[in-house]
Every structure is written in structure tokens, then in C-alpha cells.
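One structure is given here, and the rest of the page talks about it.
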Amino acid sequence: MIRNPVLPGFHPDPSILRVGDDYYLATSTFEWYPGVRVHHSRDLVHWRPIGGLLTERRLLDLSGVPDSGGVWAPDLTYHDGLFHLVYGVMDNYALGFKDIANYLVTAPSIDGPWSDPVRLPGRGFDAALFHDDDGGSWLLNMVFDSRPGHGFAGIELQPLAGGAPRTILANRQLTEGPHLYRIDGWYYLMVAEGGTGYEHGVTVLRSRELAGPYEEDPAGPMLTARHDPTLELQKAGHGCLVETQGGEWYLAHLAARPYTRRGPCVLGRETAIQRVEWTDGWPRVAGGVPAVEVPAPDLPPHPHPDSRLHEPFAADWSTLRRPASPDWLRVEGDRLTIEGGQSPYGLRTPSLVARRVTSVTSTLETVVRFEPGSVHQAAGITAYYNSRNWHYLALTTDGLVLTSSDRGKRTVCGTAEAVSGMGLRAEFDGPVLRFSYDVGHGWQVIPAELDATILSDEHADEFVDGQIRAFGFTGAFVGLWVQDLAGEGCRAEFDQTIYRTLDSVK
């Protein structure tokens with residue numbers, strides 16, 4: 001059986017691709033490097049991270065992007081012996097505008113090397129490619145109209161080689177995330193609708209002609225959880241189809257697991273897979289709802305090593321807004337040396353190395369060697385959502401200090417003795433977060449039960465006078481954080497860093 005979510009934690013907007021016997025899932029990374037995270041499988045059941053595709057500023061510049069800006073909804077395809085990756089970089093989404101640049105890169109292998117980016121039209125986001133049977137390639141994207149009172153404006157299609165765009169589907173209900181397929185003489189247009197929250201869904205339309213008109217499946221949405229708040233998987237939408245070697249069909253889509261009914265989603269939007277059956281010429285999911293367990297395809301099992309324990313800076317780790325490079329980060333075996341960066345609210349050169357939280361019960365432990373030289377310096381561990389919402393246990397000139405930021409309001413929640421070489425631990429226990437320290441006499445819990453739900457998509461959403469100020473599109477992280485606000489060159493060393501989940505979900 002396939003057990004959902006197949007990619008737990010922050011893994012939204014999946015683009016699934018099969019090349020021969022290999023399956024790839026590419027997901028959005030927003031303000032985190034490396035850009036466009038990819039997992040590999042041979043059986044659709046077992047998935048292993050192979051890192052990100054956009055690893056350098058030549059391919060991706062995230063300096064200054066807002067929280068939940070950066071890489072939105074990548075699209076991974078394979079055509080004429082090359083992998084094609086389309087991705088958008090969102091520099092601003094607030095106050096009625098969408099400043100996005102769409103790019104295309106290609107590579108002969110999923111491991112690269114990737115070509116220099118080619119700028120594509122940026123009239124909207126969620127750009128994707130369709131390679132037709134006649135060899136032609138087409139660019140799809142939703143259109144965003146920034147004029148007051150407008151907004152989502154439908155799905156357009158244009159030749160990749162150049163030519164005028166044509167709207168093939170008018171906006172219906174926040175219509176976005178297009179993918180196009182040609183199957184048995186029909187063109188099938190798959191879109192996401194209802195927004196990326198609890199009204200999300202997948203809709204399929206079809207036409208005999210590429211340019212339409214497209215008619216909707218009379219059975220209704222292919223997939224949604226909007227009508228049933230009791231389902232374990234909510235927010236189901238943004239789908240992408242794949243066919244196995246044996247002719248079986250599956251749908252990759254995003255979903256979320258709220259802590260309470262329609263409540264906060266600390267783990268963010270995750271990736272799930274559903275089995276697809278063809279009925280009356282339409283691809284359909286049983287009941288039109290997301291299932292936690294799904295029959296696996298008829299493929300040989302291909303398990304990967306247990307990845308519930310992770311050593312530092314393997315394929316599961318990311319850096320915030322700037323790529324990992326020797327000028328601020330060194331990896332020597334299991335030791336990380338991090339040079340301090342901007343404040344928690346800085347958007348250009350933070351020094352945060354982190355990984356996704358994948359389970360409601362999990363811990364991060366490390367040993368930190370650091371001696372702050374001034375009030376401008378700090379180093380420690382964090383449970384992090386974005387620049388305005390985080391919890392941080394740090395060695396400072398005031399000792400060991402636990403600070404929380406809730407929508408930008410900082411509160412000191414506890415203090416203790418600080419010693420270079422001490423152990424630090426963050427523990428997620430459902431909606432409660434606890435921090436501990438060890439100076440050689442065993443773990444001591446700081447007596448503060450913190451609210452883990454401020455590290456959620458829902459809490460991160462902020463509006464001002466009805467206009468969006470900030471989106472929550474990512475998910476909770478745990479990581480190693482160093483500040484050097486005066487730029488004096490301070491460094492911290494982290495050893496024995498390990499992330500553990502305390503249930504069966506990796």
C-alpha cells in the first residue's frame with residue numbers, strides 16, 4: 001500500500017514525472033535553498049530525497065524575497081532527452097500585485113548540469129510545460145490581473161517557441177496550477193481551484209482541440225476534501241498525473257493534516273498520491289476524496305534505507321534565502337561551522353540551516369560551541385516558520401535565553417546558564433513545544449510550554465484592511481541559527497546534530 005502523505009512535512013505543489021523506471025517528485029521551496037526539492041522512487045511507495053535542483057545564485061536568487069515568496073509551483077517534464085524545469089520566483093505577492101519572474105532550465109540528467117535560466121513570460125504564476133505528440137511544446141500559466149477589483153483571470157496557453165497567448169479557460173474559482181495531457185485523442189486540462197486552503201480541489205476538463213473549448217467532468221471535482229472536515233487529509237488539491245510502466249495511473253497532490261478540525265497545519269502542505277481509474281473517458285479518484293492508504297502499483301518493491309535519523313546537512317537540510325557556501329557555512333563530517341548573519345527579521349543574509357518538521361512528535365538535538373563577544377551575537381536552535389513566527393533558544397551575553405516571536409512580537413520565555421559545548425534540544429509534542437539544555441548533568445527542561453501552532457500556515461497569514469500582507473505557504477522547520485548583527489565575523493560550531501521522529505512517519 002501507499003501510505004499518505006508520501007512526503008510528510010512542507011512539500012507542496014507536487015510535479016510528478018516518470019522517466020523509464022524512475023519516478024521523481026518536485027515540490028515548491030519558496031524562500032529556502034536549494035530551490036525545487038526532488039524525491040526519487042522506483043515503486044511510488046518508498047521515496048528518498050535527492051536534494052534540490054537550484055543550488056546556486058546563477059539559477060536562483062532569493063535575496064530579499066518575502067516570507068512564502070521565492071519559488072512557487074515548479075513543473076518538471078522530460079522531452080527530447082532533456083529534463084525541463086519551469087519555476088517562478090515571486091518577489092512580491094502583497095497588496096494586489098504579483099511580481100513574478102518565470103524561468104526555464106534544462107539538463108541531460110536529474111543531477112544536472114542545469115542550463116542558464118531562460119526568462120519566460122510572467123503574466124501569472126504556476127507556469128508549466130506541455131509537450132504535444134507532434135513535438136511542439138507549449139507554456140501554460142494562470143493569469144493574474146493586478147487592476148483593482150480584478151485578480152485571477154484564467155488559464156492561458158502559448159507556444160514555447162514564441163507566439164501570442166490564448167486564454168483556454170476563464171477563471172472559475174481561483175483557477176490555477178494548470179497541467180495538460182494528451183490521452184487517447186483528448187486533451188485533458190487539470191487545474192487547482194478553490195484556493196490552497198480548506199476549499200482546495202482538483203478539477204479536470206477535456207477537449208478534442210488543444211485550444212479548446214474545454215468541458216468539465218460531469219462527475220464534479222476529481223479530488224477535494226472541502227465537503228468533509230472529518231477526513232484525515234485536508235486541503236487536497238494542485239494535482240499532477242503519472243502513468244506507470246504497466247499502464248496504471250496515479251495522481252500526486254498536496255494535502256495537509258490539521259491538528260484540530262479545520263485547525264492549524266504546523267507541518268504545512270504535504271504531498272500525497274491517489275490511485276486513478278478511468279471511467280467514461282475521465283480520470284477519477286475513488287469517491288473524489290483523498291485516502292490515507294492507496295493500493296500500490298504492480299511494481300517491484302524498492303525500499304530505501306530508514307531515513308528517520310538524519311545526519312547534518314544531508315539531502316533533508318536547507319538554508320534560508322542564500323545558498324550554502326563556504327563563505328558562511330562549512331561542513332566537516334558531522335560538524336557544522338556557521339558564521340553569523342542577519343537578525344531573525346533580515347531577508348537577505350540570515351544564517352539558518354534547518355530541516356522540515358515531518359511529525360507531530362519529533363525532536364532536534366545538537367551540541368553547540370559558541371562564546372558570544374557582544375550583545376550583537378547569538379547562536380542556538382530554533383523552531384521556525386518564517387521571519388515573524390519562531391521560537392529560539394540561544395547562547396547570548398545574557399546567558400541561555402529562550403525567545404518567541406509571534407507575528408513579530410518578541411517575548412522572553414525563559415533563561416538559564418550558558419556554557420560553550422552544551423547540548424540543546426527542541427521537542428514537538430503536538431501543539432506544545434519544549435526546549436531543554438544539558439551542561440553535562442542530563443537534560444534540563446526550560447519551564448515554558450510554548451505554542452507550536454504559531455508555526456502554522458494559518459497563523460502566518462496576515463491581512464491589513466482586507467489586503468494580504470503575508471501568506472503562510474511553507475511549514476515548520478527546526479534548525480541551527482547564528483546572528484552577528486554587527487558583522488564582526490563570529491562563528492558557532494554544531495556537533496552531534498540529529499533529528500528524530502517519535503512515530504512511524506519519517
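The values are calculated or read from the model by the stated rules, or taken from the named source; none is laboratory data. Nothing here was measured: the structure is a model prediction, and the numbers come from that model. Positions of Cβ are backbone-derived with ideal geometry, glycine not excepted, and every protein chain shown enters the neighbour counts.
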Open item on the list: Which condition from (1) touching a Phe, Trp or Tyr at 6+ places or on another chain (Cβ under 7 Å); (2) hydroxyl-bearing (Ser, Thr, Tyr); (3) outside any strand (DSSP E or B) is the one that Ser63 breaks?
Closed with: (1)
- [ ] Would you check which residues across the stretch 301-346 are in a loop (DSSP other than H, G, I, E, B), within 18 Å of Phe477 (Cβ to Cβ) and modelled with pLDDT under 85 and list them?
- [x] Ser307, Arg308, Leu309, Glu311, Pro312, Phe313, Ala314, Ala315
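Does Gly220 meet the test of being closer than 20 Å to Asn171 by Cα, modelled with pLDDT of 95 or more and touching a strand residue (DSSP E or B) at 6+ places or on another chain (Cβ under 7 Å)?
no
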Open item on the list: For a quick check of your reading of the model, give me the residue pairs whose first member lies in the stretch 70-85 and is closer than 28 Å to Thr474 by Cβ, whose second is small (Gly, Ala, Ser) and at pLDDT below 95, with beta-carbon atoms closer than 6 Å and at least 6 apart or on different chains.
Closed with: none
Task: Unmet criterion (only one of (1) more than 19 Å from Gly268 (Cα to Cα); (2) surrounded by 15 or more Cβ atoms within 10 Å (Cβ to Cβ)) for Gly466 - done: (2)
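Let's see how each residue does on (1) modelled with pLDDT under 95; (2) charged (D, E, K, R); (3) within 16 Å of Ser359 (Cβ to Cβ):
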| position | (1), (2), (3) |
| --- | --- |
| His441 | yes, no, no |
| Ile446 | no, no, no |
| Thr453 | no, no, yes |
| Ser456 | no, no, yes |
| Gly472 | no, no, no |
| Val478 | no, no, yes |
| Gly487 | no, no, no |
| Leu502 | yes, no, yes |
| Lys506 | yes, yes, yes |
Task: Scope the stretch 1-59; condition part of a loop (DSSP other than H, G, I, E, B) and β-branched (Val, Ile, Thr); matching residues - done: Val6, Thr29, Val45, Thr55
- [ ] State yes or no: is Leu352 crowded, with 17+ Cβ neighbours inside 10 Å and over 30 Å from Asp217 (Cβ atoms)?
- [x] yes
Open item on the list: So the check is Cβ under 9 Å with 6+ separation or different chains; which pairs have a first residue in the stretch 89-117 that's in contact (Cβ under 8 Å) with a residue 60 or more places away in the chain and over 18 Å from Gly70 (Cβ atoms) and a second one that's in a strand (DSSP E or B) and among the acidic types (Asp, Glu)?
Closed with: Ile110/Asp22
TODO: Output the residues belonging to the stretch 416-457 that are touching a residue at least 24 places away in the same chain (Cβ under 8 Å), in a strand (DSSP E or B) and of a type in the set (S, T, N, Q).
DONE: Gln444
Open item on the list: Where the second residue is part of a loop (DSSP other than H, G, I, E, B) and the first is under 11 Å from Phe494 (Cα atoms) and lies in the stretch 324-338, which pairs have Cβ atoms under 6 Å and are six or more apart or on separate chains?
Closed with: Val331/Phe313; Asp334/Glu311; Asp334/Pro312; Leu336/Pro312
Open item on the list: Testing Ala164 on (1) within 17 Å of Gly239 (Cβ to Cβ); (2) among the hydrophobic types (A, V, I, L, M, F, W, C); (3) outside any strand (DSSP E or B), one condition comes back false. Which one is that?
Closed with: (1)
Open item on the list: Here is a list: Gly185, Gly220, Gly212, Gly197. Which entry is in contact (Cβ under 8 Å) with a residue 12 or more places away in the chain and within 23 Å of the chain's Cα centre (by Cα)?
Closed with: Gly197
- [ ] Answer yes or no as to whether Trp72 is in a loop (DSSP other than H, G, I, E, B), hydrophobic (A, V, I, L, M, F, W, C), at pLDDT 95 or above and closer than 23 Å to Tyr24 by Cβ.
- [x] no
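Does Leu393 satisfy being under 26 Å from Pro264 (Cβ atoms), crowded, with 24+ Cβ neighbours inside 10 Å and without any contact (Cβ under 8 Å) to a residue 60 or more places away in the chain?
Yes: the conditions hold for Leu393.
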